[in-house]
Every structure is written in C-alpha cells, then in structure tokens.
1. So which residues in segment B:15-26 are over 11 Å from the mean Cα position of the chain (by Cα) and either over 11 Å from B:P109 (Cα atoms) or surrounded by 12 or more Cβ atoms within 10 Å (Cβ to Cβ) (or both)?
2. Looking at (1) under 15 Å from B:Q96 (Cα atoms); (2) out of contact with any Gly (no Cβ under 8 Å at 6 or more places or on another chain); (3) in a loop (DSSP other than H, G, I, E, B), which is the only condition A:A99 fails?
3. Given A:K16, A:K71, A:K62, which one is exposed (fewer than 14 other Cβ atoms within 10 Å of the Cβ), away from chain B (no Cβ under 14 Å) and not in a loop (DSSP other than H, G, I, E, B)?
4. Show the residue pairs that are 6+ apart or on different chains and have beta-carbon atoms under 8 Å apart, the first residue being within segment B:82-105 and more than 9 Å from chain A (Cβ to nearest Cβ), the second being crowded, with 24+ Cβ neighbours inside 10 Å and part of a loop (DSSP other than H, G, I, E, B).
5. On the basis of being modelled with pLDDT of 95 or more, out of contact with any helix residue (DSSP H, G or I) (no Cβ under 9 Å at 6 or more places or on another chain), surrounded by 14 or more Cβ atoms within 10 Å (Cβ to Cβ) and assigned to a loop (DSSP other than H, G, I, E, B), does A:A82 make the cut?
6. When both residues are 6+ apart or on different chains and their Cβ atoms are under 9 Å apart, which pairs have a first residue that lies in segment A:43-72 and is on the phi > 0 side of the Ramachandran plot, and a second that is surrounded by 14 or more Cβ atoms within 10 Å (Cβ to Cβ) and assigned to a strand (DSSP E or B)?
7. Scan segment A:88-107 residue by residue and report those that are more than 10 Å from every other protein chain (Cβ to nearest Cβ) and either of a type in the set (D, E, K, R) or touching a Phe, Trp or Tyr at 6+ places or on another chain (Cβ under 7 Å) (or both).
8. A:L110 is checked against (1) within 14 Å of another protein chain (Cβ to nearest Cβ); (2) within 25 Å of B:L47 (Cβ to Cβ) and fails just one. What number does that condition carry?
Amino acid sequence: EAGVVQSPRYKIIEKKQPVAFWCNPISGHNTLYWYLQNLGQGPELLIRYENEEAVDDSQLPKDRFSAERLKGVDSTLKIQPAELGDSAVYLCASSLGTAETQYFGPGTRLLVL
Amino acid sequence: QKEVEQDPGPLSVPEGAIVSLNCTYSNSAFQYFMWYRQYSRKGPELLMYTYSSGNKEDGRFTAQVDKSSKYISLFIRDSQPSDSATYLCAMTGGNQFYFGTGTSLTVIP
C-alpha cells in the first residue's frame with residue numbers, strides 16, 4: 001500500500017514569492033492534516049480536513065496561507081507571499097478518521113531566501 | 001502549561017543500553033497514545049500505539065501508559081545505532097491531537 005505522497009521534496013524561493021505544496025493521502029483516509037515542523041520541534045498543526053471540509057484551521061495564518069482539498073482526496077497548501085520565517089518542513093498526514101493514528105508523508109523542506 | 005511535555009534531550013547512549021523516553025500531559029481527555037520515530041530529513045513514522053493504561057510490547061520496544069499520573073514512556077532494549085533518531089510522543093482525545101517536541105537519541109556503536 002502506498003503511503004502519503006508529498007511533492008516537491010525541496011523548494012527554495014525568494015521572499016515575497018508564492019509557493020505551493022501538494023499531498024496525496026493514503027487511499028481511504030478521510031482525514032488529512034497539514035503540519036509545520038521547525039528544526040528541533042514537534043509538528044504543529046496548520047489545518048485538518050474531514051473529507052473536503054476544513055474542520056480545524058485555527059492555527060493557519062490566513063493572511064498568507066491557504067489550503068484546499070478538492071473532492072476530499074488530494075490537498076494543496078499555498079503560501080503567498082512567502083516570508084523568511086516560513087522556512088520549515090511542511091508535513092502532510094492522513095488518518096482513517098479524527099483521533100485515529102496518523103501516517104505522515106516525507107515532508108516538503110522549504111527554504112525562503 | 002503545554003498540553004504535552006517532552007524532554008528534548010539530546011540523549012546519547014552506548015550500543016546495547018536500555019533507553020527510556022518519557023512524556024507528561026495535562027489533558028485527561030487524551031485516550032490514545034503514540035510514539036513516532038523520525039529520522040533526519042524524513043517524516044515521522046508510527047512506532048507504537050496504545051489505548052489504555054499498561055504496557056504494550058513489540059520486539060525491543062515497550063510502550064507504557066500511566067493515566068493516573070498522566071505519564072507515558074517508551075523503552076528500547078538492546079539499543080542499536082539504527083535507533084538513532086528523534087522520538088516524538090503524541091496523544092489524542094476529544095478531537096484534539098498533540099505532539100511532544102521530540103527527544104533526540106544517538107546510540108553510539
């Protein structure tokens with residue numbers, strides 16, 4: 001069974017540029033999560049989807065971050081414009097349902113110059 | 001007070017040692033407890049998953065949950081250099097999901 005797929009694996013951009021990350025969850029997993037992970041820290045939740053509905057986006061900086069999960073499968077996380085402080089690893093995870101075990105993708109490592 | 005507290009380490013042990021990793025939490029609603037292992041430049045990988053208080057063993061790994069003390073542990077027996085990674089505790093309940101900050105472990109050959 002394929003795991004959570006994320007792309008790109010690495011991205012280097014200049015500040016004020018836009019950037020987008022893509023996630024394909026495990027087949028059949030209704031819940032999808034986007035996390036931000038800084039070096040030496042645990043993952044911090046940005047947004048959680050139940051199917052196509054964003055049920056928890058309280059930690060998403062909505063002035064520059066947006067996300068979508070069309071058709072309740074793949075998801076895209078976008079940052080526009082990117083700032084230097086956005087440099088981090090962006091992790092996508094999926095689970096069968098809320099409070100179920102989450103399975104993580106390899107992450108996208110973003111560097112903003 | 002953070003929902004989940006985890007000593008960040010770093011922890012360095014010789015090969016073959018028994019490793020003890022711990023987390024404390026404050027939310028009584030947490031019911032499911034997990035340990036993830038994260039290698040450098042990789043996503044977290046589920047290692048152990050427990051529901052109730054008590055012990056769960058899987059090979060060299062034992063997960064222990066004490067709900068009365070709000071304390072969970074992961075023990076690694078006969079530690080190997082390949083166990084060198086960051087270990088994250090995680091817990092969920094009441095639609096909330098929290099990670100610890102992770103403990104960095106190095107097993108020296």
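The values are calculated or read from the model by the stated rules, or taken from the named source; none is laboratory data. Every value quoted in this text rests on a predicted model; they were computed, and no experiment measured them. Positions of Cβ are backbone-derived with ideal geometry, glycine not excepted, and every protein chain shown enters the neighbour counts.
1. B:E15, B:A17, B:I18, B:Y25, B:S26
2. Failing condition for A:A99: (2).
3. A:K71
4. So the pair list comes out as B:Y87/B:G102.
5. yes
6. A:N51/A:T31; A:N51/A:L32; A:G72/A:L32; A:G72/A:Y49; A:G72/A:E50
7. Listed by number, the residues that qualify are A:Y90, A:S94.
8. (2)
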